[in-house]
Amino acid sequence: MKSKPETYRSWIRFLFTKRLTPSLLVILPVVFGLTAFASGFIALIIVEHFLGGNVPTKAGVDEAMGWIRIEVLAFSVLGVAAGIGVAYAILKPLKRMIRETREAAKGDWENPSGDIPGLEDLGDVGNEFRMALSSLRQNLVDSMAWGWVLMAKSGRIASLNPGAELILGLKANEFIGKPFEALSKSVQMEEDLIPLVSRTLKGQPVSVGRKLNIVTSDGRPVTLSFTTTLLKDLNEETLGVAITFKDLTRSQEISDQMQRTDKLAAMGTLAACMAHEVRNPLGAIKGLAQLLDEAFPDGASERTYTQTMIKEIDRLNGVVTHLLDFAQTDSAQTGPCSIRDLVAQAVTLANLNSKNKSVTLQQNIGNELPAIQCEKRQLVQVLLNLLQNAAQAVDESGRIVVSAENISEEDSHHVLLRVSNSGPPLEPEIKSRIFDPFFTTKKDGTGLGLAITNQIVNAHKGRLYLESNNGMNSFCVELPVTSNVSVSDVSLTPST
């Protein structure tokens, strides 16, 4: 059983640390009403004590007035003290609210729970502010494009925002409340995050902007930049660790594309110079070889050599033409074109030039495809190159599928063309270099076909990439849609 001094201390601690929170609509009228009532009531008691029932004397009146003055002064002091106490009780949590609001406006979210001491003194107002601030912080975290994972000091995941779900290919409800190890095991990481997070939790130096390559749960390779931050409350007690990370994959792709563009521009300039320098002497050599061929009589064995020379010169001239095509892909005039028209012409030419007649060619062209802005001859060449490449990749019983569909998204509208083949899967090294100039896996190839195709697509503000899934290798061409031009406005007659 508690002693009296301990009981008194408990009550004092309760009153000063766990203050009651009645509504201000009740407490303010009660305090000031009781103060006014008590002042008048005590004055009446003093008057009645000194003057009641007796004939007032000057000495009695003076004594009564003295006590009334003392009473007025005492209650004035009491009223001022009560006012100061009420003002302090109201302004202190309000100042905390203002401070937290200013800190939040500056982006300082060191108190993620919204638990601000003293707000309970404002009753519902304080509770609403706490809930609003906590909701604002949660909405800010949820709307971040960056990924955010909050690990409690117990080692379990307390929060995982939609950005993290998108980047990692996970569902938050499957990991909330589970150990952090479950998250780290769900993706393939080149470096284990658990030791880094543990060091941060122990107060050791945090990791800032560290790069990490992972493979997500849905099989996507992703490059991350992540930062670990130790979270503490206002009492410097550890709450947990926040792991924020950004997907650098697209940035890396853009950087690689810029380097590739610079490289291709330099190679294009070099190719154009070489082509012009080589074509002139080739023409002279061919002319001399033809004169030499005509100098020998029909059936002479020497004509075998001269005709071989002319044939090889023609082959070299074809390589020079490819070099010029590679260097000059952006000088053509463009206009609205029908996708069906382009595919039909390319398929016809591919069938005429195909040496493998047993290959199955299938077309899946969507209905109501919009027109695209392009140079028709160049786009037919793109499709023809992809079809010929597909025909070379498959065996005699292979299958080639040409498809086209309309893709409409919030920030883009384009047509997606696919040329797929059932050839063997490509090695990662080949995939990474397949559009590089002069890279080829064929003995007699120049390595310029797909490079020229890629150049043409880029010149049309499109994108060419390779996909491999479901046993098919697919070259995908994304081309922007021409605004306000429908298929009915475009001629469907194949050009000659």
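Readers should treat all values here as calculations from the given coordinates under stated rules, not as data from a laboratory. No experiment lies behind these values; they were computed from the predicted model shown. Don't worry about glycine lacking a Cβ; one is built from the backbone with ideal geometry, like all the others, and counts go over all protein chains shown.
Structural remarks
- Net length available on complete extension from I176 to I70 is 31.5 nm, with 0.36 nm assigned per residue and the Cα-Cα distance removed.
- Inter-label distance for Q333 and S184, nm, one decimal - labels placed 7 Å from Cα along Cα-to-Cβ: 6.5 nm
- Listed peptides 157-168, 459-470 by packing density, highest first (mean Cβ within 10 Å): 157-168, 459-470
- Spin-label model distance (nm) - D298 vs N280, 7 Å beyond Cα toward Cβ: 3.9 nm
- Column: log10 I(q)/I(0), Debye, Cα scatterers of segment 335-489, q = 0.11 Å⁻¹: -0.41
- Nonlocal amide H pairs with K178, under 5 Å, H built at 1.01 Å: I157
- Inter-label distance, nm, simple model (7 Å from Cα along the C-beta direction), N367/Q204: 6.4 nm
- Computed from the Cβ-Cβ distance with R0 of 60 Å, the FRET efficiency linking N470 to A82 stands at 0.15.
- With N as its number of residues, segment 144-247 has a Cα radius of gyration that, divided by 2.2 N^0.38 Å, comes to 1.00.
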